[in-house]
Amino acid sequence: MEHGFIKVAAAVPAVKVADCKYNVEQIEEQIVLAEGKGVEIIVFPELCITGYSCQDLFRQQLLLEASESAVLLLLDFTRQLDIISIVGLPVAVGDLLLNCAVVIQKGQILGIVPKEYLPNYSEFYEKRWFASSQELRDTEIRFAGNTIKVSSNPQVFMTSDGVKFGIEICEDLWAPTPPSNHLVLAGADLIFNLSASDELIGKHAYLCQLLSQQSARTLSGYIYASAGFGESTQDVVYGGNAMIYENGHLLCEGDRFSLTKQMMVAQIDVEKLRSERRSNTTFVNAQKRMINEPVNLIQAHSVTPRDFVLERTINATPFIPASEDMEASCEEIFHIQTMGLAKRLVHTHCNKVVVGVSGGLDSTLALLVCVKTYDRLGYDRKGIIGVTMPGFGTTDRTYHNAVDLMNSLGITLREVNIAKSVRQHFEDIGHDITVHDVTYENAQARERTQLLMDIANQVGGLVIGTGDLSELALGWCTYNGDHMSMYAVNCSIPKTLITYLVGYVATTVDETSAATLRDIIDTPISPELIPADEEGNIKQKTEDLVGPYILHDFFLYYFLRYGFRPSKIFLLACKAFEGTYAEGVIKHWLRIFCRRFFQQQFKRSCLPDGPKVGSVSLSPRGDWRMPSDAAADLWLQDIKPE
């Protein structure tokens with residue numbers, strides 16, 4: 001396991017019912033293929049050595065002996081292989097015949113896991129042939145040349161890299177309390193399921209929900225392989241499902257009803273799963289029940305190191321909802337923002353809000369949230385006072401976009417030019433107006449905030465903050481300037497998501513308003529605190545100074561959501577932005593991100609109230625508490641020099 005990833009596979013081999021030699025040959029073909037792909041653990045369907053649909057043939061001693069002989073062949077075949085293989089077959093333990101998963105590595109059996117829940121309803125008759133692990137007394141058996149302890153206790157296997165995994169078999173998953181519940185609480189990162197579930201109308205959709213939910217509930221990787229073509233179709237049909245989930249998300253799936261064998265391979269991020277578990281106090285508390293429970297921990301063999309190649313597809317915009325239903329995703333976000341603001345207005349008996357509208361993305365979204373909130377509350381939109389405050393760097397483009405937007409939304413528009421008051425301020429403090437330094441810039445930002453606060457006092461309203469999550473992460477906001485408000489509706493919305501939301505609104509309004517919104521999206525991001533160029537275009541472009549927001553949002557997501565170290569974030573970013581940003585560029589801005597994130601924490605320690613929308617927030621009362629003077633050295637050193 002490197003960078004927290006482990007490569008796993010779910011295989012559906014060709015099968016002939018009761019032909020163990022043929023079946024093991026097919027299994028061997030897929031094992032060697034998986035080994036060549038760098039797979040560390042592969043799982044096959046339930047009873048794949050014999051075929052699941054043998055029925056009363058399971059009572060035949062000849063079949064049981066043939067299946068054991070097949071395992072001997074498999075042990076010999078895997079003697080020089082690092083890969084861990086999980087196969088299904090019947091195993092006789094004293095007076096009991098058990099439906100088992102056998103775990104094999106380097107020519108040895110690491111363990112045997114018996115099925116606990118046996119379906120014996122409708123088309124299933126497993127209790128006719130098999131006993132449950134609940135009926136088993138812990139015992140040692142001699143099987144395929146190995147002396148193995150067979151136990152009813154949870155069995156957790158551990159790879160040489162420390163990844164822990166457990167096994168359940170088909171119906172176990174469908175039980176009210178699946179064995180995987182106990183296995184993950186005992187430390188298993190991954191669950192492998194050997195299955196032989198038949199196909200019925202609507203069953204597959206339910207199965208997918210079940211796998212997704214179990215993976216999410218247990219914060220685990222879930223690898224599922226089910227019997228397919230070749231099983232008897234005397235009364236039922238087996239579709240051959242191969243699916244791999246990670247914390248509820250489907251990483252890959254095979255083709256159902258395939259007439260040929262198939263194998264699905266995926267890299268599971270175990271480090272991400274463990275991060276989720278550590279931060280989930282419910283999961284940690286649930287682990288207490290396993291403190292006094294007996295668990296068999298089985299150590300796998302060491303393996304030969306391989307060069308690591310990240311094969312997963314990495315989403316370059318993790319903050320943008322993955323749902324195909326854009327309307328539903330955006331409306332949900334707006335509902336959260338508007339509900340937060342609505343409560344604040346009702347609680348304060350206030351029907352006036354003041355918003356600084358610059359013609360940029362952030363203030364546009366904040367204004368749209370105010371409008372939607374007023375409409376939900378039945379308030380007159382004229383109670384929204386939009387204030388445009390042109391200054392030394394304001395361009396005609398942003399000014400007209402701000403005015404056009406406010407007019408089209410039917411709110412109250414006020415214009416206050418800040419140039420005169422800022423000049424007076426420079427004269428008062430003795431600052432040369434031709435020196436365009438941080439004093440020159442921040443004086444404008446603070447003047448605007450003062451105006452908004454004073455206007456809010458005039459009308460008995462609240463100042464609505466427009467700053468976003470990306471700016472807060474980088475500290476790209478003026479302390480006691482645009483950094484401050486009475487309610488910050490955008491505080492957990494990153495820049496990439498703001499673009500997405502404004503773009504969505506543009507698809508729902510009249511063409512005139514839509515044209516304004518589209519132009520706002522296309523306008524370079526800028527605080528407009530430096531005078532425009534000779535042609536009147538924006539000269540001060542934020543992303544030229546602090547870096548592309550699409551990169552910083554990516555860094556922020558993995559830094560906060562999972563606590564990943566910079567070297568892993570860099571690995572993921574190189575994959576996500578391959579062909580878009582060179583590795584040197586990504587590394588440069590990642591250093592900037594780490595440095596600014598640590599230096600600017602003091603601005604986040606006193607943030608105003610605002611609603612949490614996604615899985616990441618920087619509120620000091622919610623998700624993020626950090627000392628303002630923590631050193632960034634450890635994180636910067638993790639980024640290798642170019």
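The values are calculated or read from the model by the stated rules, or taken from the named source; none is laboratory data. Only a predicted model underlies this, so the values are computations on that prediction, with no experimental measurement involved. Methodologically, a virtual Cβ is constructed for each residue, glycine included, from the backbone with ideal geometry; neighbour enumeration extends over all protein chains shown. SASA here: full protein model, heavy atoms, side chains in, ligands and nucleic acids out. Shrake-Rupley method; radii C 1.70, N 1.55, O 1.52, S 1.80 Å.
Quick look at the numbers
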item	result
Residue within the range 556-578 that is out of contact with any Pro (no Cβ under 9 Å at 6 or more places or on another chain), outside any helix (DSSP H, G or I), of a type in the set (K, R) and farther than 30 Å from T398 by Cα present	yes
Some residue of the range 523-543 being of a type outside the set (G, A, S), within 25 Å of N417 (Cβ to Cβ), open to solvent by less than 20 Å² (accessible area, probe 1.4 Å) and part of a helix (DSSP H, G or I)	yes
Selection count, the range 316-329, where residues are under 17 Å from K612 (Cβ atoms) and in a helix (DSSP H, G or I)	1
Scan of the range 277-314 for residues that are in a helix (DSSP H, G or I) and under 27 Å from I148 (Cβ atoms), ordered by number	M290
Which numbered condition F77 misses (of (1) open to solvent by 10 Å² or more (accessible area, probe 1.4 Å); (2) within 30 Å of E123 (Cα to Cα); (3) not hydroxyl-bearing (S, T, Y))	(2)
Unique residue being touching a strand residue (DSSP E or B) at 6+ places or on another chain (Cβ under 8 Å), touching a residue at least 40 places away in the same chain (Cβ under 8 Å), within 21 Å of F44 (Cα to Cα) and not hydroxyl-bearing (S, T, Y) when the list is L259, L251, L297, L273	L251
Selection from the range 118-173 of residues that are out of contact with any strand residue (DSSP E or B) (no Cβ under 9 Å at 6 or more places or on another chain), open to solvent by less than 70 Å² (accessible area, probe 1.4 Å) and farther than 28 Å from K106 by Cα	P119
Residue ID - farthest from the chain's Cα centre (by Cα), chosen from residues in the range 583-642 that are under 19 Å from W476 (Cβ atoms), assigned to a helix (DSSP H, G or I) and of a type in the set (S, T, N, Q)	Q599
Hits in the range 479-493 - residues which are of a type in the set (F, W, Y) and buried (at least 19 other Cβ atoms within 10 Å of the Cβ)	Y487
Lone qualifier among D161, D189 - being closer than 23 Å to L207 by Cβ and touching a residue at least 60 places away in the same chain (Cβ under 8 Å)	D189
Residue satisfying condition, being farther than 28 Å from T499 by Cα and modelled with pLDDT of 95 or more, within set A445, A419, A473	A419
Criterion violated by M453 - all others in (1) buried (at least 19 other Cβ atoms within 10 Å of the Cβ); (2) over 29 Å from A506 (Cβ atoms) satisfied	(1)
